[in-house]
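Accompanying notes for the structure given below.
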Amino acid sequence: MSDHVCKACGSTDLDLFYKVDRIPVHSCLMVDSRAEALAFPKGDLELGFCNACGFIQNVKFDPKPQNYSPAYEETQAFSPRFIRFLEEICDDQIRKFGLKPGKTALEIGCGKGEFLVTLCERSGASGIGIDPGYRPERTVSEAADRLQFIQDFYGPKYRHLQADHVSCRHTLEHIHEVRTFMELVRESIGDRPHVDVFFELPDAERVLTEPAFWDIYYEHCSYFTYGSLARLFRRTGFDVTNLWKAYDDQYLMLEAKPVDGPTEPHLALEDDLAKTRAQVAQFKAVIGPELQRLRDQFLRWQSEGRTVALWGSGSKAVSLITTLKIAEQVAAVVDINPHKHGKFLAGCGNEILSPQALTEIRPDVVVAVNPIYLNEIGQDLAKLGLEPELTAL
Ligand SMILES: [Zn+2]
């Protein structure tokens, strides 16, 4: 028992199981100088597992310093692998839910709008996207006249926005008051039972079992498995109709329909509370030695005089560097997103460079922050005429 309350179900039966102090409150905000990066605001993280519903939250999370502005650079849309994935999920949603001209799709937390634009281009539907970090100049599309973007946080003032399809991708994990948020989504759909709801977010089961600690960072205050996500939806007036994983099982996908009140579980995948509890216990047992092992690896490369570059500068890179405290052991951080070049990693101080810069740095080891891009990275390195040892976390 603790004095913390589960934001998904209200229980106080929480087990605290992982702690990282003084980590940057953002890992995707663009920072212009090393000094600014090092002085970046920091917060503490301590994960609590709810024994009643399986939801995992950062009990130390303080929503106040969160500031998602257009300088927030979360997009992965420069990777061909990611674009293919985006097109696949759009086509899947269009086929299942009959999106076509005359229908409207609403995306809550649309980021730079890549999903909504693709969805509307490929279906002929109209779209409304809401996100404080939206950048109008990034939307170049034949569907532009059917698209409306609102640069703001989703909230009660947008409950009048009606749509046939409501999506929310990679947003719920940033929400602290998850139950209040889902109640708002349900309320805004109102008495329109035909509306189709689609959510996509990181899967906590993979984070626990790998253990993928680099996917745990301050901005992600909420972590879900199949069961805890479905329980939240059922509690807030949805019937969960489909659950699956995608993108090499990194993402959790959910489809739901609005109903009048709470619903009972009926999907086999939802029944995971005991399994999640065991996975949390296992994570707690192995994470200390695992962090030590990885830190030792970077220290060994350094003592052998080998130059190490990280490929990928997103939240995973920031979490890896700040959790292991290896900013000095990483000579270069590269990214294929040109909007990031010349900027610095928040909380770490490492500069983000173009892959081209590796021809001068000539790294001995390149660490792929996300193994899903290993093939792409290998091909890019070959094009640059480089043959470093390429490894993933
Ligand atoms: Zn709970």
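The values are calculated or read from the model by the stated rules, or taken from the named source; none is laboratory data. Keep in mind that this is a model prediction, so the values were computed, not measured. Glycine gets a Cβ as well: all are built from the backbone with ideal geometry, and neighbour counts include every protein chain shown. Please note that ligands, DNA and RNA were not included when accessible areas were found on the heavy atoms of the full protein model with its side chains. Shrake-Rupley method; radii C 1.70, N 1.55, O 1.52, S 1.80 Å.
Some values worked out for this structure:
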| quantity | calculated |
| --- | --- |
| Count of residues meeting criterion [part of a loop (DSSP other than H, G, I, E, B) and either within 30 Å of H176 (Cα to Cα) or open to solvent by 40 Å² or more (accessible area, probe 1.4 Å) (or both)] in the range 117-157 | 13 |
| Hey, E187 out of contact with any helix residue (DSSP H, G or I) (no Cβ under 7 Å at 6 or more places or on another chain), open to solvent by 30 Å² or more (accessible area, probe 1.4 Å), among the acidic types (D, E) and touching a residue at least 24 places away in the same chain (Cβ under 8 Å) or not | yes |
| Cross-chain or 6+ apart pairs with Cβ under 6 Å, the range 1-25 first and under 11 Å from F55 (Cβ atoms), then aliphatic (A, V, I, L, M) and within 9 Å of the ligand (Cβ to nearest atom) | A8/L232; C9/A52; S11/A52 |
| Subset of the range 166-184 [more than 15 Å from G111 (Cβ to Cβ), touching a residue at least 40 places away in the same chain (Cβ under 8 Å) and crowded, with 17+ Cβ neighbours inside 10 Å] | V166, V178, R179, M182 |
| Matching residues in the range 74-116 - criterion: being of a type in the set (V, I, T) and over 16 Å from Q162 (Cα atoms) | T75, I83, I89, I94 |
| The range 117-136: number of residues that are under 19 Å from H160 (Cβ atoms) and free of Cβ contacts under 8 Å to residues at least 40 places away in the same chain | 5 |
| Some residue of the range 92-100 being in contact with a helix residue (DSSP H, G or I) (Cβ under 7 Å, 6 or more places away or on another chain), open to solvent by less than 40 Å² (accessible area, probe 1.4 Å), modelled with pLDDT of 95 or more and within 16 Å of the ligand (Cβ to nearest atom) | no |
| Residues of the range 332-357 satisfying the condition of being among the aliphatic types (A, V, I, L, M), in contact with a strand residue (DSSP E or B) (Cβ under 6 Å, 6 or more places away or on another chain) and open to solvent by 20 Å² or more (accessible area, probe 1.4 Å) | L353 |
| Where a residue in the range 369-383 is in contact (Cβ under 8 Å) with a residue 60 or more places away in the chain and closer than 18 Å to G314 by Cα and its partner, wherever it lies, is among the acidic types (D, E) and open to solvent by 60 Å² or more (accessible area, probe 1.4 Å), with Cβ under 6 Å and at least six apart | I372/D248 |
| Residue ID - most open to solvent (accessible area, probe 1.4 Å), chosen from residues in the range 367-393 that are within 24 Å of the chain's Cα centre (by Cα) and farther than 22 Å from I83 by Cβ | L393 |
| Index of the failed condition, Y226 passing every other in (1) crowded, with 18+ Cβ neighbours inside 10 Å; (2) of a type outside the set (A, V, I, L, M); (3) free of Cβ contacts under 8 Å to residues at least 40 places away in the same chain | (3) |
| In the range 229-264, residue farthest from V25 (Cα to Cα) [restricted to those that are within 16 Å of the ligand (Cβ to nearest atom) and surrounded by fewer than 20 Cβ atoms within 10 Å (Cβ to Cβ)] | P262 |
| Complete set of residues in the range 271-308 that are aliphatic (A, V, I, L, M) and more than 19 Å from T323 (Cβ to Cβ) | L273, A274, A278, A281 |
| Segments classed as helices (runs of 4 or more DSSP H), wholly inside the range 291-393, with at least 1 members that are modelled with pLDDT of 95 or more, out of contact with any His (no Cβ under 7 Å at 6 or more places or on another chain) and of a type in the set (D, E) | 358-361, 374-383 |
| Meets criteria (at pLDDT 95 or above and charged (D, E, K, R)) for R234 | yes |
| Test set (1) open to solvent by 40 Å² or more (accessible area, probe 1.4 Å); (2) modelled with pLDDT of 95 or more; (3) in contact with a Pro (Cβ under 7 Å, 6 or more places away or on another chain) - H194 fails condition number | (3) |
| Complete set of residues in the range 1-54 that are open to solvent by less than 50 Å² (accessible area, probe 1.4 Å), within 13 Å of the ligand (Cβ to nearest atom) and touching a helix residue (DSSP H, G or I) at 6+ places or on another chain (Cβ under 6 Å) | A8, F49, C53, G54 |
| Selection count, the range 276-301, where residues are free of Cβ contacts under 8 Å to residues at least 60 places away in the same chain, closer than 14 Å to E205 by Cβ and surrounded by 15 or more Cβ atoms within 10 Å (Cβ to Cβ) | 0 |
